[in-house]
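To start, the structure under review is shown below, and the notes come after it.
We did not get these values from a lab; they are worked out from the coordinates using the rules stated. Everything numeric here is computed off the predicted structure, so don't read it as measured data. As a convention, Cβ positions derive from the backbone with ideal geometry for all residues, glycine included, and neighbour counts pool all protein chains shown.
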Amino acid sequence: MKPQTEQPPEEGHGSVDTSRMSAGQRAAVEATESAREGLAGSEGFAAGVFLGDFRLDRVFPIPEPAADDASRTEAFLKKLAEVLRQADPDQIDRDGEIPGDIIEALAGIGAFGIKIPEEYGGLGLSQTAYIRAATLLGSWCGNLTALLSAHQSIGVPQPLLLFGTEEQKAKYLPRFPKGEISAFALTEVKAGSDPSRMEATAEPDESGEYYLLNGEKLWCTNGTRASVIIAMARTPSDNREGKHRGGITAFIVEMDTPGVEVVRRCHFMGLRALYNGVIRFNNVRVPRANILLEEGKGLKVALTTLNTGRLTLPAACAGLAKRCLGITRKWAAEREQWGAPVGRHAAIAEKIGRMAGEVYVLEAMNSLTARLIDAVHGSDIRFEAAMCKMWGTERAWRIVDDTLQIRGGRGYETAESLQVRGEEAVPVERYFRDSRINTIFEGSSEIMRLFLAREALDPHLQTAGAVFDTRLPMGKRVSALLKAAGFYARWYPTRWLPRQVSGLSGFPPPLRRHLRFAARAARKLSRKLFHAMLWHGPKLEREQLLLGNIVDAGTEIFAVTAVCLRARQDLETSSSPERREEILSIVDTFCAGSRRRIRQSLQGRDRTLSRGRYRLAKEVLENRYLWLEEGVLTTEEAKEKS
Ligand SMILES: Cc1cc2nc3c(=O)[nH]c(=O)nc-3n(C[C@H](O)[C@H](O)[C@H](O)COP(=O)(O)OP(=O)(O)OC[C@H]3O[C@@H](n4cnc5c(N)ncnc54)[C@H](O)[C@@H]3O)c2cc1C
C-alpha cells in the first residue's frame, strides 16, 4: 500500500510550499520542482523502501540482458582493454594531454557511441555494457573515463536519445561513433548546484527561427575539444504575446558557430588531462530546431539525463576500488612492520575487510540498476541511480583514502618517484587526486541526499502536502486534513505489522535472513519518516541532517538487497564450495556492518550535537570566532604587506 495509489486529497498537489521561503530559496526550489513535472508516483524498488514497501518482486528475478548483447559486450570490452593497455595513465597525468592516437583508437572501436543505436552507426549496446566499460575505464585512467563519460553520459548523445526529435537524432547521432566529442554546459560562475541562478540567456530573434545565445559557462568537461555541446540558457517568457514559455531551455550548439569562444582551459588537482573549459557565447545564433524537448524544459532535460548518466561515475568507482583492493592485498601481505605483515594488524585488517565487502556491493548496486534500465526502457530508477552515485562515490573515496593509508609514505609518493627509486610504480597518489571530484560533480553528495529526501517525501506530499500549504484557502486545507487523516489511519498501523516478503523462498537461508532484516528496516524507516513529518510539518524539508540519516538508511537497505540478489546469482553459477563460502562470508560481513549503520541512522541520537554544531557554524559565519584563525599567515595578509 502506498499513499499515492489511493486518491490523494488534492488532485495534482504535491509540490513544496515555497510561500515562506526567501526569494533565492523559492527560485531554486521552484526551478527544480518544475523539472519534476510528470515524474511523481515512482514504482521503483527503492522508492517503495521509504514507504515501508519492501517489494522484492520489483527487482527479482534480476532482468537478464539479451544474449547477443552479452556476447557483443564481451567483444567490445576486449577491444577496449586492448586500447587502454596502449595508454599510459601516468604519462597522460604528467602531460595533461591524451595522445591523439589513443583518442583515434577509441573512436576506431566505437567507444564514442557505445549506446547509440546501430541504425545511427553506434554499437547499440545496453546500459549494462556501458557501465561495464566505465568500470574497466575507471580501473585504468580517470582522464579517459571522464572524456568518454562526459561525452556520452551527459554530453549530446544521451539527452538526444531521450528527448531528440527524429530529425535531431538523424542529424547528430551518426557523428559521434566516428569520434566527434560532445559536452554538457550547465554550470556558471553563480550557478553551481543551484541552476536557478543561471544568467546565460537565449533571446528569440525577430523571425522566431533563431535564438541569440549570450553568457558564459564554467567547467565544461570536453568543452575545449567538443564539436557540439548541450548548453542551457534562460529563455524569456511572454515574449511576443505569450508565444514563449520562458524558463531554462536546452540547446544543441555547434561549437564552430560564430560567437562561440573557448575562453580558457581549466586545471584541477587531479584529472589533469581533462579538456575542461570556460565557454563564452557572444550573440551566438542557434536555430529554434536545435531546442531539445521544449522551450523552458531544459532542467527537465538536464535532470532526466543525469538520472541515468550519473550511473557512470559509481561504475568507474567500482573499477578503481577493485584496483585499490589489489594494491592493498599485495602490499598489506608483503610489507612487514612490528613483527608481522601490516595487513595482520587489526587496524589495517579492518579496512581491508570493509574494502572487500564494498567492492562486491558497489558492482552489485550498479549492475542491478543498469539491468533495471535495460529491462524496461523509461523505467523509473531515479532513486537507485542517485543511491549508486552517492554511496558509490563516497565509499570509493574512502577506499582510495584507506589504500593510501595502508601504503603509508609510498601511498603519498608519485608513481614516477617510486619507479626512479627502484620500487613498483603504484599510482595511488594519482588515484587520490583523480577521484576526489567524484563526490562533487554530476550531483554532489549533499545534493544527492536532498534529491533523495525530496523524492522520498513525494508520496506524503501528494497525500498530505495540501494540509500544510499556506497558499491554499483554509477550507481546502481542512478537507485535505480529513482525507489525509483517513488515509494514514489505515496506512500507519500496517507499517508496524510483520509482513511476508514474497519471493524469499528463492533465496538460500543466510540471504533470507538479511533480506528479512532489510524488509523490517524498511518498515521502520517509513515510520521514522512519518514521525518526522508529524513532528516537523512543512519545516521537515529544512532538516537536512535528519533527512540525510533517513536517506542513508534507505540506501543501505538498497545495498543489502542488491548484494543478496547478486550473491544468489553468484552462488547459483559457482561450482566450487570454497567460492560459495567466500561469497557468503562477504555478504555476512557487509550486511552486519550495514545493520549497524541502518540502526545508527534510524536512531539519530545526535540531534542535540548537530543543533549545537549548526549554531556554532552560524556564529563562525558571523565572524564571531575570528580569533581561532589568529597566528598564521594568510594570502590576504601577504598581499596587504607587499
Ligand atoms: C572537474 C569538474 C568538471 C565539471 N564538469 C562539468 C560539466 O561538464 N558540465 C557542467 O555543467 N558542470 C560541470 N562541473 C560543475 C559541477 O557539476 C559543479 O561543481 C557542481 O554542480 C557543484 O557546484 P559548485 O562547485 O558551484 O558548488 P556549490 O553549488 O557552490 O556548492 C558548494 C558546496 O555546498 C554544497 N551545497 C550546495 N547547495 C546545498 C544545499 N542546498 N544543501 C546542502 N549543501 C549544499 C555542495 O554540495 C558543495 O559541497 C564540473 C566541475 C568540476 C570541478
Just from the alpha-carbon atoms, what are the Rg and Dmax of segment 498-545 in angstroms?
15.3, 44
Given Gln168, Asn214, Phe432, which one lies farthest toward the positive end of the charge dipole of the chain, if we put +1 on the Cβ of every Lys and Arg and -1 on the Cβ of every Asp and Glu?
Phe432
Using a Förster distance of 35 angstrom, determine the FRET efficiency expected from the C-beta separation of Glu206 and Arg264, and round it to 0.05.
0.55
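If a/c stays under 1.5 just call it rounded; otherwise compare a/b with b/c (prolate if a/b is bigger, oblate if not). Do that for segment 142-252, with a ≥ b ≥ c from the square roots of the Cα gyration tensor eigenvalues. If you can, show how the numbers build up before the last one.
Details: a/c = 2.40, a/b = 1.41, b/c = 1.70.
Since a/c reaches 1.5 but b/c is at least a/b, the shape of segment 142-252 is classed as oblate.
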At 7 Å along Cα-to-Cβ for each site, give me the label-to-label distance between Ala638 and Glu97 in nm.
3.1 nm
Of the candidates Ile550, Met533, Leu602, the farthest towards the positive dipole end of segment 517-642 (Lys/Arg Cβ +1, Asp/Glu Cβ -1, centred on the Cα centre) is Met533
Span from the segment 311-388 Cα centroid across to the segment 142-184 one, whole angstrom
28 Å
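For the pairs Lys330/Lys351; Lys539/Lys618; Lys190/Lys300; Lys78/Lys330, note any where the Cα-Cα span goes beyond 23 Å. Intermediate results must be reported in sequence, preceding the final value.
Details: Lys330/Lys351 14 Å; Lys539/Lys618 19 Å; Lys190/Lys300 20 Å; Lys78/Lys330 26 Å.
Checking Cα-Cα distances, Lys78/Lys330 exceed 23 Å.
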Could you rank the peptides 67-74, 222-229 by their average count of other C-beta atoms within 10 Å per residue, with the highest value first?
222-229, 67-74
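Kindly work out what percent of the DSSP beta bridges joining two residues of the chain are antiparallel, to the nearest 5. Kindly include the intermediate steps, with their values, before the conclusion.
Details: 31 of 36 bridges.
Here the antiparallel bridges make up roughly 85 percent for the chain.
If one computes P(r) from the Cα atoms of segment 182-302, what percent of pairs lie at distances over 21 Å? Kindly include the intermediate steps, with their values, before the conclusion.
Working: 2380 of 7260 pairs.
So the pairs more than 21 Å apart make up 33 percent of the total in segment 182-302.
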Dipole in debye (nearest 20) - the chain, about Cα centre, beta carbon charges: Lys, Arg +1; Asp, Glu -1
2580 debye
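Mind putting a number on the dipole of segment 182-302 about its Cα centre? Charges go on the C-beta only, +1 for Lys and Arg and -1 for Asp and Glu, and I need it in Debye to the nearest 20. Kindly include the intermediate steps, with their values, before the conclusion.
On the way: 16 positive and 15 negative charges, 104 e Å.
Roughly 500 debye, rounded to the nearest 20.
From the square roots a ≥ b ≥ c of the eigenvalues of the alpha-carbon gyration tensor of the chain, which class results: rounded (a/c under 1.5), prolate (a/b over b/c), or oblate? Write down the numbers at each step before the final one.
On the way: a/c = 1.31, a/b = 1.03, b/c = 1.27.
In terms of gyration-tensor shape, rounded.
In percent, how large is the relative contact order of the chain, given Cα pairs closer than 8 Å and 6 or more residues apart? Numbers along the way, then the final one.
Values: 1043 pairs, mean separation 113.2, N = 642.
Once divided by the residue count of the chain, the mean separation gives 18 percent.
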Report the gain in length on full extension from Arg527 to Glu104: 0.36 nm times residue separation, minus Cα-Cα distance, nm rounded to one decimal.
146.8 nm
Proximal aspartates and glutamates relative to Lys169, as straight alpha-carbon distance under 17 Å, when same-chain residues fewer than 8 apart are discounted:
Glu118, Glu119, Glu180, Glu254, Glu294
Quick one: Cα centre-to-centre distance for segment 443-509 and segment 559-634, in angstrom?
25 Å
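Convex hull over the Cα atoms of segment 67-175, averaged projected area in nm²? Mind dumping the intermediate values first?
Numbers: hull surface 26.7 nm².
Mean projected area of the Cα convex hull: 6.7 nm².
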Debye, to nearest 20: dipole size of segment 52-150, +1 on Lys, Arg Cβ, -1 on Asp, Glu Cβ
260 debye
Calculate for the chain the 222 nm mean residue ellipticity that helices alone would give, adding -39,500 (n - 2.57) per DSSP H run of length 4 or more and normalising by residue count, nearest 500 deg cm²/dmol.
-18000 deg cm²/dmol
Measure of compaction for segment 149-213 (Cα Rg per 2.2 N^0.38 Å)
1.34
